[in-house]
Amino acid sequence: MNILSNSIDALLKLDNQIQKQIVIKTEVTELETVIITFRDNGDGIDAEIQSKIFEPFFTIKPINKATGLGLAISHQIIEKHQGNIQLKSEFGYGTEFAIEIPIALAVNHKSDT
Ligand SMILES: Nc1ncnc2c1ncn2[C@@H]1O[C@H](COP(=O)(O)OP(=O)(O)OP(=O)(O)O)[C@@H](O)[C@H]1O
Ligand SMILES: [Mg+2]
């Protein structure tokens, strides 16, 4: 939901001339993981801030409109599932986030012997 609402925010900023799009793709890999990809054709994320977007409270939105917690929370949830999230974005050409999570969590097998 946080990733989707960021895409919606980005698309709402654009003028209405272009065809606004959010594309969600899912796939199961041979490594028994699922990859969920979210792509929008908004204005993208400036290279200078790409390293900061997962930090808690980082936002470039107006102070009373955002907490800057959306991606920090998403990142935390995905880590708990032993997964990862990757950003592909070029300023002016949209944004793509790919989330990969294992289908079954790895279990720590303890042995007494
Ligand atoms: N799809 C996107 N298009 C453009 N910029 C994005 C996109 N997704 C994230 N960002 C950038 O990453 C920043 C951090 O996102 P995050 O969701 O963590 O916080 P926020 O949206 O600003 O606030 P909150 O989600 O807490 O209301 C955003 O302020 C925005 O600059
Ligand atoms: Mg957000």
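The numbers here are math on the coordinates, done by the rules we state, and not lab data. Note that this is a predicted model, so its numbers are computed, not measured.
Counting only alpha carbon atoms, the long axis of helix 2-13 and the longest principal axis of the chain meet at about 10°.
Rounded to the nearest 10 degrees, the angle from helix 70-80 to the longest Cα principal axis of the chain is 10 degrees. Mean residue ellipticity at 222 nm, helices only, the chain: -6000 deg cm²/dmol; runs of at least 4 DSSP H residues each add -39,500 (n - 2.57), and the sum is divided by the number of residues. Taken over the range 2-102, the ratio of Cα radius of gyration to 2.2 N^0.38 Å equals 1.10.
Within the same chain, lysines fewer than 8 places from residue 20 are excluded, and of the rest, those with a Cα less than 30 Å from its Cα are 52, 61, 65, 88. Computed over the range 2-102, relative contact order equals 32 percent, with contacts defined as Cα pairs under 8 Å that lie 6+ residues apart.
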